[in-house]
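The values are calculated or read from the model by the stated rules, or taken from the named source; none is laboratory data. Everything numeric in this text was worked out from a predicted model, so none of it was measured. Cβ: placed from backbone, ideal geometry, glycine included. Neighbour counts: every protein chain shown. Heavy atoms of the whole protein, side chains included, go into the accessibility calculation; ligands, DNA and RNA do not. Shrake-Rupley method; radii C 1.70, N 1.55, O 1.52, S 1.80 Å.
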Amino acid sequence: MMRNDQRNLYRQPDSPYDVWEMERDSISQTEEVDCGAVISSLQLRPALFVPNFEANLPGNMYSTSMTVPVPEIVDRQFEKPLLCGPGPCDVWPSVAEALTRPVLSPMCDELFNVFDDLRAGIQYLFQTRSKLVLAMSGSGHAGMEAVISNLVAPKETILIATRGIWDERAYNISKRYGINPIVYRIPCNRSFTFAELETQLKRYRPTALFITHGDSSSGTVQKIEGLGEICHRYGTLLLIDTVVSLGAAPFFMDAWGVDGVYTSTQKALSGPAGISPVAFSARAEEKINNRKHEPPFYFDIKLLAKQWNCYGNTRTYHHTLSSPLLWALRCCLREICQETLEKSWERHARVTEYFHKRLQQLSVSCLVPNPENRLVTVVTVVLPRGYDYLKVINHMIEKHNVRIFPGLGPTAGKSLRIGIMGVNSTFQVADTIIDALTDALQSLTKSSL
């Protein structure tokens, strides 16, 4: 065996750690050593060697081949506005903290503990006892695509009840999968009657009916209770978009006979976008298990159910989920559970009713004339003739730092879209929006009328 003094002849110090190793090796093995004293002496000692890492890196040999220069990425000054559009809305303070929690390994026990928490919370949120509940990696569109592609096969028919832009998205997604979409359209400022929908179901007998519970482009809410029974009478699955309504308006998946449903976190749940809870009924689960087509790998509920351990006997790897978003969703669900759904529904109803009363004091009107058709989370406001919608929006953000949105899809150029939901569903926020809107209407009168 080479002695310490011989070994040191063949090495040079390349780093502070090597200096420490050489100091340690020069000490007799039989000598008691105060390692703390040695480390302290090294910390006080001037660096013996500062390696030129740049010279040793192979990157220099590629410098003449680089065609894209190093970008300059600098921080900018940005004052966060009060988010009062149709989404995203502001997050709970607890959710902001949850986003900083540790990243989880895809196969560690704590990840599956979080999955269990999330699935229990999602069951409560949708009011379902189904075991086939989980969260998709992606925004609400991921939920929409997963529900449609798993439950409706190519060449099968889906009836799309259309009154807003999200129904149009369901149409586009269905076409891309080779599904036969049938559109039944009504004006954007009202909801469907069951008689209208049953006539179409009887005529086409589709595999599924797609309909939005709340539509953020029009500010309408659709009655769902009783619709599942009608759909099942014609062998049709009922698929529901609850992205902008869940947590703020009553929803009962099992009691209402809903077969496939999805939501997302950035609306009434007051979380960040990017993760979308989904749930499937026993009828839908049977269709998934007996399907003859293959949905996209990323959206395959059969595979995802195994990763999420939906049946208590699987812990397989499918893809790596975003740990911060899992923690955030878990925190959103805790906030809902601590308040309870009933109290959250009541809070949203009271605040939005108060907001409508204050709107009546202004020279504006609601796009949705029937109060029963009005969505509790997003109010669509029509300005008096002569006002420029974008100028009103810009005035509110520039003078009051309140962010609302213009119309979208069928309401583009026809309304403002004002969101009062989640953590922002308070009387104080409602007053702040009204005050900012009042100032905008008064300040822009001369230049806009």
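So the values come out like this:
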item	result
Residues satisfying the stated conditions in the range 300-313, i.e. under 18 Å from P106 (Cβ atoms) and assigned to a helix (DSSP H, G or I)	L303, L304, A305, K306, Q307
Of the criteria (1) in contact with a Phe, Trp or Tyr (Cβ under 8 Å, 6 or more places away or on another chain); (2) farther than 25 Å from I186 by Cα; (3) part of a loop (DSSP other than H, G, I, E, B), which one V423 fails	(3)
Subset tally (residues that are more than 15 Å from the chain's Cα centre (by Cα) and either farther than 25 Å from G407 by Cβ or of a type in the set (S, T, N, Q) (or both)) for the range 126-169	22
Residue selected from the range 181-200 under the condition open to solvent by 20 Å² or more (accessible area, probe 1.4 Å) and polar (S, T, N, Q), by the criterion nearest to N370 (Cα to Cα)	N189
Residues of the range 273-292 satisfying the condition of being in contact (Cβ under 8 Å) with a residue 40 or more places away in the chain and open to solvent by 30 Å² or more (accessible area, probe 1.4 Å)	A273, A282, R283, E285, K287, K292
Residue ID - most open to solvent (accessible area, probe 1.4 Å), chosen from residues in the range 365-392 that are part of a helix (DSSP H, G or I), touching a helix residue (DSSP H, G or I) at 6+ places or on another chain (Cβ under 9 Å) and in contact (Cβ under 8 Å) with a residue 24 or more places away in the chain	K391
One residue from P71, P86, P102 being surrounded by fewer than 20 Cβ atoms within 10 Å (Cβ to Cβ) and either under 16 Å from the mean Cα position of the chain (by Cα) or touching a residue at least 12 places away in the same chain (Cβ under 8 Å) (or both)	P102
Near pairs, Cβ below 7 angstrom, 6+ apart or cross-chain, from the range 324-343 (of a type in the set (F, W, Y)) to any residue that is open to solvent by 10 Å² or more (accessible area, probe 1.4 Å)	W327/L99; W327/R101
Failed condition for G413, given (1) open to solvent by 60 Å² or more (accessible area, probe 1.4 Å); (2) of a type outside the set (A, V, I, L, M); (3) on the phi > 0 side of the Ramachandran plot; (4) in contact with a Leu (Cβ under 7 Å, 6 or more places away or on another chain)	(4)
Lone unmet requirement of (1) open to solvent by 20 Å² or more (accessible area, probe 1.4 Å); (2) of a type in the set (S, T, N, Q); (3) farther than 30 Å from P102 by Cβ for T314	(3)
Condition broken by T352, with the remaining ones in (1) open to solvent by 40 Å² or more (accessible area, probe 1.4 Å); (2) closer than 30 Å to P93 by Cβ; (3) in contact with a helix residue (DSSP H, G or I) (Cβ under 9 Å, 6 or more places away or on another chain) satisfied	(1)
Positions within the range 247-267 being assigned to a loop (DSSP other than H, G, I, E, B) and either open to solvent by 30 Å² or more (accessible area, probe 1.4 Å) or farther than 13 Å from G140 by Cα (or both), in sequence order	G247, A248, P250, F251, F252, G257, V258, D259
Residue within the range 140-163 that is in contact with a Gly (Cβ under 6 Å, 6 or more places away or on another chain), more than 26 Å from H348 (Cα to Cα) and crowded, with 22+ Cβ neighbours inside 10 Å present	yes
Output for the range 317-326, where each listed residue is open to solvent by less than 20 Å² (accessible area, probe 1.4 Å) and assigned to a helix (DSSP H, G or I)	S323, L326
Residue under evaluation Y234, criteria (1) farther than 19 Å from L209 by Cα; (2) surrounded by fewer than 20 Cβ atoms within 10 Å (Cβ to Cβ); (3) among the hydroxyl-bearing types (S, T, Y), criterion not met	(1)
Condition check for G228: in contact with a Ser or Thr (Cβ under 9 Å, 6 or more places away or on another chain), touching a residue at least 60 places away in the same chain (Cβ under 8 Å) and more than 15 Å from S191 (Cβ to Cβ)	no
Qualifying residue in the range 339-360 (condition: part of a loop (DSSP other than H, G, I, E, B), of a type in the set (K, R) and either within 30 Å of V114 (Cα to Cα) or at pLDDT below 95 (or both))	no
Residues (touching an Asp or Glu at 6+ places or on another chain (Cβ under 6 Å) and open to solvent by less than 10 Å² (accessible area, probe 1.4 Å)) located in the range 237-246	L238
